[in-house]
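The values are calculated or read from the model by the stated rules, or taken from the named source; none is laboratory data. Note that the structure is predicted; figures quoted are calculated from it, not measured. No Cβ is skipped: glycine too gets one built from the backbone with ideal geometry, and neighbour counts run over all protein chains shown.
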Amino acid sequence: MHYKGIVIHPDELSNYWLDRLEGTDINFLGIHPVGKSYHGETVAEAVEWVQKPETQQLLQRAEAMGIAVEYEMHALNWLIPRELFAEHPDWFRMNENGERVADYNCCPSNPEVLEYLADRAAELAGIFKTSSGRYHFWTDDVPEPKCHCPKCRELTASDEAVLMYNAMNKGVRRAQPDAGVSYLAYDIAIDAPEKVKPDEGIFLEFAPMKRNTSRAICDPESEMNKQAIAPVGRLLEVFGHKNAQVLEYWLDNSWFSGWARPMKRFDFPRDIVALDSAWYDRAGFETMTCFACYLGEEYHETTGDEVDIEAYSQALGILAK
C-alpha cells in the first residue's frame, strides 16, 4: 500500500480536519502526541485520549473515508517506566561516566529488558491498534541516549535502536503476525545500523529534521541537505523499500512557530514539496507523510487562513492510493 498523508497532534483531530481531507487522495493520518515524552506523560495522555467515545467516532469516520490512521510517538519512557530503575538498574543505560542512569531509553544489550520491552509494545499496540498493522513506537527524542556499558560500547546508536525496535516488533507480531514497527532514522540514529540486522517486519521511517526547509532536499548547492540525504541509500539497502516512509516537515507549523503559541501564519512551500517528493519517489520510498501540526481548527480561527491540503496532495503527485 502506498500512502500520502499528514501527521497531527491528538488535540487537533476534529471534523474540521476530516472535512478538509475528504475528497482529496490523502489516505494516511498520523497522530503524534505533543512534545517530548521523557517520563511517558504524553503517551499516557494519548492512551486516555484514544479511548474517549468522541475520539473513537472521529477515528471511525477517518477509516470510513479510506484513511489509514496510525500513531507515531516517542514511547520508550512509557514502555520502560523509569520507576523500574530501583529494582532493575541493569536494565537502564550506562552514561559516559560509567554510571547506570534512569533517564533515556535502556541498555539494549540486556535480554531481560528487551523481553519486557516486547511485552509492553504488545500492550501499547493493543491500545493503539491499527488496521494497517504498522506501528511507530520510537526511542527517546534526545541528542545523547546511547548506552555506554561494555556490551553496548561497540555498537552505534543505530545498532542500539535496532535492538530496541526488534524487541518491540517481536511483541507486536505476537498478536498481529503481519504487523511491523518502524525504524525511525532521525537525529543520532539517522544512519543505517552497522552490526545489528533488522528483523522481518521492521520498516524504514526517514525523518530528516536537520535540513534546510527553504531549499529542495536534493539541491546540490545546499550542503545541509546533502548531508541530510547522505544516509538514504544505505538505509534503503538495509531496511528495504517495502513500507519505506518519509516523515517530512513541509507543513509543520509547530516547528516554524517555535513549538509555541501564538502560532504563526504559514506559507505553503509547494515547489519544495513537489521537488522533494519527486526525489523521494525516485529513491524508492513507498509512503510520504509530513507533520502538519498547528494547522487545524485553531489555526483557522486564529489567522482566518487555511493551507490548501488538495494542493499539498497534488504536490506529492506521484504516489497513488
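So here's what we get for this one:
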{"quantity": "Selection count, segment 106-140, where residues are part of a loop (DSSP other than H, G, I, E, B) and without any contact (Cβ under 8 Å) to a residue 60 or more places away in the chain", "calculated": "7"}
{"quantity": "Residue match in segment 124-145 (condition: charged (D, E, K, R), farther than 30 Å from ASN225 by Cβ and more than 17 Å from the chain's Cα centre (by Cα))", "calculated": "no"}
{"quantity": "Filter pass, SER214 being in a strand (DSSP E or B) and either over 20 Å from the mean Cα position of the chain (by Cα) or polar (S, T, N, Q) (or both)", "calculated": "no"}
{"quantity": "Residue in segment 24-42 that is in contact with a Pro (Cβ under 7 Å, 6 or more places away or on another chain), part of a loop (DSSP other than H, G, I, E, B) and either modelled with pLDDT of 95 or more or surrounded by 15 or more Cβ atoms within 10 Å (Cβ to Cβ) (or both) present", "calculated": "yes"}
{"quantity": "Any hit, segment 85-106, residues being surrounded by fewer than 16 Cβ atoms within 10 Å (Cβ to Cβ), modelled with pLDDT of 95 or more and closer than 17 Å to VAL43 by Cα", "calculated": "no"}
{"quantity": "Pair list, Cβ under 9 Å, 6 or more apart: segment 190-208 residue in a loop (DSSP other than H, G, I, E, B), other residue surrounded by fewer than 16 Cβ atoms within 10 Å (Cβ to Cβ) and among the polar types (S, T, N, Q)", "calculated": "none"}
{"quantity": "Which numbered condition LEU58 fails, given (1) hydrophobic (A, V, I, L, M, F, W, C); (2) farther than 24 Å from ASP103 by Cβ; (3) in contact with a Cys (Cβ under 6 Å, 6 or more places away or on another chain)", "calculated": "(3)"}
{"quantity": "Some residue of segment 204-227 being crowded, with 17+ Cβ neighbours inside 10 Å, of a type in the set (Val, Ile, Thr) and touching a Cys at 6+ places or on another chain (Cβ under 9 Å)", "calculated": "no"}
